[in-house]
Amino acid sequence: MSAEAYNQMVRGPSYTPPRLDGRVYLVTGANSGIGYEACKAFALAGATVIFACRDAQRANAAMESIAKLPGVRGEQHFLPVDLASLKSVRRCAELLEESKLKVDVLVLNAGVMRRSREVTEDGFELTMAANHLGHFLLEPPIAIVASWRCMAAHERPRGCGEHCAALRPTNHTGNLGGSYASRPD
């Protein structure tokens, strides 16, 4: 059996990832783990990658590490965001809008897991704020910048009090009931 036939049978057909030149990917939690690996794959495919992270030093280290890889052609940008802080998330959306980069794909990857209960400056439980509420608040403004259409499942979840109303972005017609974004055809 030839080496080529063996490789085909054992490894399967060779896979060439599609080129992503001209596309912009924003990844939260991009400085380590799955977020880092996703950024690496996007950059190797030619995409512009925005590292949306809490720690600038760790994000810059990750960006430098990826930039050193052979074959990386896409640009890399850092965007500061602490998903546990609603103020930080809103500022992140403002900075993105000022940058004039139109996001094509939003990868909501960041997350935390604490052993003890902590409360954010906004009064939310830290894990809930960073893993869910921050991403939920970040998505609509980015979708607007990207000219996506945001569609909501329903007006407002049952039992949603003042905290939910505080999350509602002022420039978004969607709601907290559950939304998704899709590119216009």
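What to note about this one:
- Once C-alpha pairs closer than 8 Å and six or more residues apart are averaged by separation and normalised to the residue number of the stretch 1-85, the relative contact order reads 28 percent.
- Cα-projected label distance for Ala41 with Arg90, points at 7 Å along beta-carbon direction, nm: 3.5
- Förster radius 22 Å - calculated FRET efficiency between Arg115 and Gln57 (Cβ-Cβ, nearest 0.05): 0.35
- For the peptides 119-125, 74-80, the ranking by packing is 74-80, 119-125, with the highest mean count of neighbouring Cβ atoms within 10 Å listed first.
- Globularity index of the stretch 19-149, i.e. its alpha-carbon radius of gyration over 2.2 N^0.38 Å: 1.03
- Summarising the label geometry, the points placed 7 Å from Cα in the beta-carbon direction at Lys102 and Leu69 lie 2.7 nm from one another.
- Residues whose amide H comes within less than 5 Å of that of Phe78, counting only those at least five positions distant or on another chain, are Phe51 (H built at 1.01 Å from N in the peptide plane).
- Dividing the mean sequence gap of close Cα pairs (under 8 Å, 6+ apart) by how many residues the stretch 19-149 holds gives a relative contact order of 26 percent.
Throughout, read-outs are computed from the coordinates displayed, never taken from laboratory work. Predicted model only: the values in this text are computed from it and were never measured. Neighbour counts run over all protein chains shown; Cβ positions are idealised from the backbone, glycine included.
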